[in-house]
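Asker: Here it is, the structure, as structure tokens.
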Amino acid sequence: MKGKNVVVGVTGGIAAYKAAELVRLLVKAGAQTRVAMTAHATKFVTPLTFEVLSENRVVWDMWDGQESPMSHITMSQEADLIIIAPATANFIGKIAHGIADDFLSTSIVAATGKMLVCPSMNSRMLSNPAVQENITLLRKRGYTVMAPQEGELACGERGVGRLPEPEQILEQARILLSEHDLSGMKVLVTAGATVEPIDPVRYITNRSSGKMGYALARAAALRGAEVMLVSGPTSLNPPRNVKVFRVKTAAEMRDAVLGHHAECDVVIKAAAVLDYKPRRQSKTKIKKLEEIQSLELVRNPDILAELGRRRSGKRSLLVGFAAETHDLMSNAREKLRKKNLDMIIANDVSREDAGFESDTNAVKIIHRDGRVEELPLMTKEDLADRILDRVKKLWKETA
Ligand code: CTP
């Protein structure tokens, strides 16, 4: 969202308090965020809340003398995206019919950027034919209108009408603002750890959280790629517009990857696959009888190496990760060579702020031709975009 101008328009519904979290998330994501409120909205949340969160003045009164006479034009024209959250029945009706009787509605009439409307109201108000027709009108004009969610409403009833969660609105905003520079590309990403059962109550696994792989899948989908994600068990939410295949063991991951890699242009193997599994899996719980108990392990298939061996003349890219605690560069280079990769992301997992479980990562990207790029510490979301930039460049070069 860096470099993007977003206006959040808050109208007078109880869900206005959720707009505060949305503004916080937009600012955190790097968007230049401004807030405009209707007078009714200020009865629910004060402009000061939004001023503090957005670090910008909040406009709600066209006539307070502090705004330039043209600010409704400049604010809306500078905006890449205007999000109306929550959008009341009244406000939806106004913008559907071009009514411009306050700062926010006037700004929308003057807007040139994208529009995201997030209705929130009582379910009977939502199902009113006038409201439904107004929503249809907005959609016909190219506005994106998010479907309100089902659940407990502020009036105590249950029904459809809840504002989507701020994270979901942010995700939709990302989709609208992304550039789709990877459209036409098919990408397969693997993520997370695999697990190998020992008996019905125990298993072995590793510390991978799946965050890096999920960030890659999500970023590729936002940029317009068709994405398949083969995921080990994680607690992460699946990214939107991504086909997810859930697996547990290395053998299941191998089946999923080998079943789909041929349809894909690019395979990015971010998963931390267990190299070994117990030779035998006990059907019953292993009891503690011995002082020393040993577990015999046998090798799992190396999925990435297998993909590397299977490479034919077909145009494709194979990207691996190398999780290392020592001899980072020599180990990573060796993996790139042995597994026949185009690029490997060398990850020093002994660092607290990088690699497993953390939200940030600092890596070195090694290319097949020997070039090395060192990237500074950044969020896994930003790193995903940087890796995809390299993938895109390389893909063009192989054309
Ligand atoms: N990989 C794989 N299948 C395995 C092991 C690893 O596909 N059985 C992939 C990983 O997804 C990663 C790359 O190979 O992209 C390197 O994984 P890593 O765990 O760093 O190295 P290993 O090849 O397993 O070697 P070692 O454990 O000896 O470091």
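Asker: Explain nothing, just the number: relative contact order of the chain, from Cα pairs under 8 Å at least 6 residues apart, as a whole percent.
Answerer: Details: 829 pairs, mean separation 41.8, N = 399.
So the answer I get is 10 percent.
Asker: I'd like the GluC sites (Glu not before Pro) in region 8-115 restricted to DSSP loop residues with at most 15 other Cβ atoms within 10 Å, sorted by number.
Answerer: Qualifying residues, ordered by number: Glu55.
Asker: Lys2: which aspartates and glutamates have alpha carbons under 13 Å from its alpha carbon, excluding same-chain residues fewer than 8 sequence positions away?
Answerer: Answer for Lys2, where 13 Å is the Cα cut-off: Asp80, Glu179, Glu381, Asp382, Asp385, listed by chain and number.
Asker: Something else: Considering only Val372, Gly320, Pro200, whose Cα is most displaced toward the positive end of the charge dipole of the chain, charges sitting on Cβ of Lys, Arg (+1) and Asp, Glu (-1)?
Answerer: Of the options given, the answer is Pro200.
Asker: Report the charge-dipole magnitude of the chain in Debye, nearest 20, computed about the Cα centre from +1 at each Lys and Arg Cβ and -1 at each Asp and Glu Cβ.
Answerer: 1640 debye
Asker: When DSSP assigns beta bridges and you keep just the ones with both residues in the chain, what percent turn out antiparallel, to the nearest 5?
Answerer: 30 percent
Asker: Using only the alpha-carbon atoms, what does region 181-303 span along each of its principal axes? Please give whole angstrom values in decreasing order.
Answerer: 60, 26, 18
Asker: Calculate the tail of P(r) for region 5-177: the fraction of all Cα-Cα distances greater than 24 Å, expressed in %.
Answerer: Cα-Cα pairs in region 5-177 separated by more than 24 Å: 28 percent.
Asker: Set Lys and Arg Cβ to +1 and Asp and Glu Cβ to -1, take the dipole of the chain about its Cα centre, and tell me which of Ala250, Leu25, Gly355 lies farthest positive.
Answerer: Of the options given, the answer is Ala250.
Asker: While we're looking at this one, here's another question. In debye, nearest 20: dipole of region 1-104 around its Cα centre with unit charges on the Cβ of K, R (+) and D, E (-)?
Answerer: That gives a dipole near 400 debye.
Asker: Looking at region 339-399, I'd like the Rg to Rh ratio, where Rg is from alpha-carbon atoms and Rh is Kirkwood's inverse mean 1/r.
Answerer: Reported Rg/Rh, Kirkwood definition of Rh: 1.00.
Asker: When every alpha-carbon pair in region 201-269 is counted, what percent end up more than 17 Å apart?
Answerer: Of the Cα pairs, 42 percent sit more than 17 Å apart.
Asker: Applying the Karplus parametrisation 6.51 cos²θ - 1.76 cosθ + 1.60 with θ = phi - 60° to the phi angles of region 196-213, what ³J(HN,Hα) value in whole Hz is obtained for each residue in order, glycine and proline being reported as x?
Answerer: Values per residue, Gly and Pro as x: 10, x, 9, 8, x, 10, 10, 8, 10, 7, 9, 7, 4, 8, x, 4, 5, x Hz.
Asker: Lysines within cross-link reach of Lys283: Cα-Cα under 21 Å, excluding same-chain residues under 8 positions apart?
Answerer: Qualifying lysines at Cα under 21 Å: Lys248.
Asker: Let me ask something else. Which of the residue pairs Lys4/Lys186; Lys140/Lys380; Lys114/Lys364; Lys211/Lys288 have a Cα-Cα distance greater than 31 Å in the structure shown?
Answerer: Over 31 Å Cα-Cα: Lys140/Lys380; Lys114/Lys364; Lys211/Lys288.
Asker: Mind checking which aspartates and glutamates have their Cα closer than 16 Å to the Cα of Lys43? Skip sequence neighbours fewer than 8 apart in that chain.
Answerer: Within the straight-line cut-off, Lys43 pairs with Glu51, Asp61, Asp102.
Asker: Okay, moving on. Taking a temperature of 37 °C and a viscosity of 0.692 mPa s, what whole-number D in µm²/s does Stokes-Einstein yield for the chain with Rh from Kirkwood over alpha carbon pairs?
Answerer: 138 µm²/s
Asker: Then there's this: List the GluC sites (Glu not before Pro) in region 119-184 that DSSP assigns to loop (not H, G, I, E or B) and whose Cβ has at most 12 other Cβ atoms within 10 Å. Which are they?
Answerer: Glu157, Glu179
Asker: Next question, about the same structure. For region 92-149, how big is Rg over Rh, using alpha carbon atoms and the Kirkwood form of Rh?
Answerer: Answer for region 92-149: 0.95.
Asker: With the dipole of region 5-177 worked out from charges on the C-beta (+1 for Lys and Arg, -1 for Asp and Glu) around the Cα centre, which of Ile92, Thr136, Thr49 lies farthest toward the positive end?
Answerer: Value: Thr136.
Throughout, read-outs are computed from the coordinates displayed, never taken from laboratory work. This structure is a prediction, so every number in the text was calculated from the model and none was measured. So basically every Cβ, Gly included, is an ideal-geometry build from the backbone, and we count neighbours across all protein chains shown.
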